[in-house]
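Asker: This is the structure I have questions about; it appears just below.
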Amino acid sequence: MKAIFLLFCLGLFNPVFAEELTGLGGGLKPDDPTPMPEQRKWKDQEPLERNYVQQPPLIPHTIDNYEVNMKVNKCLTCHSWANYKQNKATKLSTTHFTNRDGIDLATVSGRRYFCMQCHVPQTDAKPLVENTFKPIQSLQPQ
Ligand code: HEC
Ligand code: HEC
């Protein structure tokens, strides 16, 4: 009996919890490599309808390897006013040219340059929390 009590204290014998408890690390030891999460596969789809007027539309196509940095902006090669027709893409709306002082610029405003700050690829992921949001009816296309 004493021996079992000692093993219990040392954590070597624990008849009740041995199987059930799993730490936040999912039972991994500190040096175990973390498994890669499953990669989502994006594919081009029909654009989803917007839920409300001011919503940044979701991106209906893949954006693998589309670079946006100080020197290049891949998105603008199709979405700029100069290029949209040729690429059958939606052109940027004029709000993208307004700077934070409300002044309209000739080029995309710095605050709308990094497109993926606001636009994300669309997916039919399950909502994390339930919500009952409804858009204002008077501003919905009929
Ligand atoms: C090779 C050309 C091309 C590139 C590059 C491109 N797009 Fe597009 N994009 C399109 C086309 C074409 C559509 C229209 C698709 C449709 O209507 O079916 C579109 C649609 C969209 C829409 C939906 C617009 C709407 O009215 O619903 C968004 C948002 C968008 N793209 C964002 C981006 C972003 C952000 C990037 C850069 C990461 C990007 N696109 C790069 C061609 C492109
Ligand atoms: C700060 C957030 C923000 C950033 C950054 C941004 N957008 Fe948008 N975008 C919006 C919002 C909000 C809308 C919808 C309302 C509007 O037109 O302003 C929109 C609308 C659009 C539309 C649809 C226009 C239409 O006429 O319906 C396209 C295309 C688009 N954005 C592309 C881009 C691209 C490409 C970039 C990068 C160069 C970009 N956006 C950067 C917020 C953003």
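The values are calculated or read from the model by the stated rules, or taken from the named source; none is laboratory data. As the structure is a prediction and not an experimental result, all values here were calculated from the model. Backbone-built Cβ (ideal geometry, glycine too); neighbour counts: all protein chains shown.
Asker: Out of Thr132, Thr95, Thr107, which single residue is of a type in the set (S, T, N, Q), surrounded by fewer than 12 Cβ atoms within 10 Å (Cβ to Cβ) and more than 23 Å from Leu48 (Cβ to Cβ)?
Answerer: Values: Thr132 fails: more than 23 Å from Leu48 (Cβ to Cβ); Thr95 fails: more than 23 Å from Leu48 (Cβ to Cβ).
Only one candidate passes the filter, namely Thr107.
Asker: Would you call Val72 surrounded by 10 or more Cβ atoms within 10 Å (Cβ to Cβ), of a type in the set (A, V, I, L, M, F, W, C) and near ligand 2 (Cβ under 10 Å from one of its atoms)?
Answerer: Working: surrounded by 10 or more Cβ atoms within 10 Å (Cβ to Cβ): yes; of a type in the set (A, V, I, L, M, F, W, C): yes; near ligand 2 (Cβ under 10 Å from one of its atoms): no.
Against the criterion (surrounded by 10 or more Cβ atoms within 10 Å (Cβ to Cβ), of a type in the set (A, V, I, L, M, F, W, C) and near ligand 2 (Cβ under 10 Å from one of its atoms)), Val72 does not qualify.
Asker: Looking only at residues in the stretch 75-92 that are near ligand 1 (Cβ under 9 Å from one of its atoms) and not in a loop (DSSP other than H, G, I, E, B), which one is surrounded by the fewest Cβ atoms within 10 Å (Cβ to Cβ)?
Answerer: So in the stretch 75-92, the residues near ligand 1 (Cβ under 9 Å from one of its atoms) come out as 75-79, 83-84, 87-90.
Still in the list and also not in a loop (DSSP other than H, G, I, E, B): 76-79, 84, 87.
Working: Leu76: 19, Thr77: 14, Cys78: 16, His79: 19, Tyr84: 15, Asn87: 12.
Per the stated criteria, the residue is Asn87.
Asker: Still on this structure, please answer the following. Would you be able to say whether some residue in the stretch 117-130 is among the polar types (S, T, N, Q) and modelled with pLDDT of 95 or more?
Answerer: In the first step, residues of the stretch 117-130 are kept if they are among the polar types (S, T, N, Q); the result is 117, 122-123.
Okay, now just the ones that are also modelled with pLDDT of 95 or more, so 117.
Yes.
Asker: Give the residue, chosen from Arg50, Arg40, that is of a type outside the set (A, V, I, L, M, F, W, C), out of contact with any Gly (no Cβ under 9 Å at 6 or more places or on another chain) and touching a residue at least 12 places away in the same chain (Cβ under 8 Å).
Answerer: Numbers: Arg50 fails: touching a residue at least 12 places away in the same chain (Cβ under 8 Å).
The match here is Arg40.
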